[in-house]
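As structure tokens, the structure follows; a few thoughts come after it.
The values are calculated or read from the model by the stated rules, or taken from the named source; none is laboratory data. Treat the numbers as computed from the prediction; the structure is a model and nothing was measured. Note that each Cβ is placed from the backbone with ideal geometry, even for glycine, and that neighbours are counted across all protein chains shown.
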Amino acid sequence: MKVLLGGGTGFIGRYLSKALIDRGHSVVVISRTPRLKAVTWQQLESQQSLPDCDAVVNLSGENILNFMRRWNDKYKQDVYESRIGKNKLLVNLICQATKKPKVWVSAHAVGYYPVTDEKEFDEEYVLKTPKTYIESLCKEWENSAVLPDTESTRHVGIRIGVVLGPDGGIIQQSYWPFYFGLGGVIGSGKQYFHWVHIKDIANLFVHAIENELVSGILNGVAPDPCTNETFTRVFGAVLNRPTWFSVPEFAMKFAAGTERSDIILKGNKVIPKRTLESGFEFQYPDIKNAMKDILKK
Ligand code: NDP
């Protein structure tokens with residue numbers, strides 16, 4: 001298949017591109033920057049047409065946990081435009097296309113689910129009234145990817161958890177503090193931590209692209225969620241380092257701001273029910289083996 005991949009230069013996108021090419025597909029990335037085997041968002045917007053493709057995937061998104069940027073209106077606008085704006089453009093181009101892609105796969109986040117200790121969530125849950133910034137963002141992000149009923153293109157939306165891999169995301173950010181024995185729990189440590197191995201999330205996108213029977217929302221989280229405390233202890237144990245330190249709630253709120261700190265300080269239990277029912281098999285279902293694979297030399 002010819003796959004058009006928005007945000008293909010990012011952490012998940014690099015693994016997904018490789019997984020697709022290894023399986024004989026071809027990939028054209030959509031990027032903000034002109035590059036080899038890529039089109040720019042600007043080109044798509046000015047041409048108002050999709051390049052010839054069988055699948056469209058969107059992974060674009062300004063990093064919401066970039067602590068180097070001040071959390072202000074401009075940052076929020078970039079977070080919004082890079083997800084919702086880009087989805088709207090792609091949905092519009094799919095609707096206008098004379099040769100429709102077979103499948104459209106959009107990335108989303110488990111931030112869609114409300115934070116509570118009282119309930120376990122799977123893909124059937126429908127968020128009616130968002131109560132936080134993150135819930136509102138996630139709901140609008142999903143709405144922006146919906147195709148009209150009249151469209152023949154199959155749609156899959158993947159609600160991604162925290163992606164663990166050696167060369168990106170949270171592991172890359174926290175490797176050295178943990179390596180020097182400075183790692184520790186964040187806040188109470190009791191909050192659920194929805195993780196997924198980078199190879200599993202890339203393979204789940206491939207599964208969604210290739211499998212004609214898959215549609216609708218899938219949770220991109222491992223079937224064995226753990227608490228932040230368990231993750232911290234496993235991280236330290238695999239590196240053979242102590243994890244005595246902790247990051248208090250107020251420090252996290254100071255660094256990330258109250259709106260974003262919920263992502264790290266609060267949690268809930270999310271299960272990949274439809275993902276498993278769709279026949280997807282996780283290569284790394286448990287945190288210990290996932291971390292051993294990620295941190296191996
Ligand atoms: P990355 O941070 O690696 O970024 C993905 C790509 O988005 C970048 O390569 C970049 O492509 C593009 N991008 C960044 N900022 C902007 C912007 N302001 N406007 C337009 N495009 C932009 O993301 P990941 O690969 O980690 O994640 C992919 C998607 O999955 C994102 O939407 C993310 O929110 C979501 N997700 C990721 C999770 C994770 O743990 N990694 C967890 C939950 C959801 P270029 O520079 O080529 O334009």
Looking at the range 107-120, can you tell me whether even one residue there is among the acidic types (D, E), away from the ligand (no atom under 16 Å from the Cβ) and touching a residue at least 12 places away in the same chain (Cβ under 8 Å)?
yes
Helices (runs of 4 or more DSSP H) (entirely within the range 202-297) containing at least 2 residues that are within 30 Å of P101 (Cβ to Cβ)
273-277
Please go through the range 50-75 and give me each residue that is surrounded by 15 or more Cβ atoms within 10 Å (Cβ to Cβ), away from the ligand (no atom under 11 Å from the Cβ) and in a helix (DSSP H, G or I), ordered by number.
none
Using beta carbons and a limit of 8 Å, which pairs, at least six apart or on different chains, have the first residue in the range 92-106 and outside any helix (DSSP H, G or I) and at pLDDT 95 or above and the second one surrounded by 15 or more Cβ atoms within 10 Å (Cβ to Cβ) and of a type in the set (S, T, N, Q)?
K100/T153; P101/T153; K102/T153; V103/T153; W104/T153; V105/N58; S106/N58; S106/N87
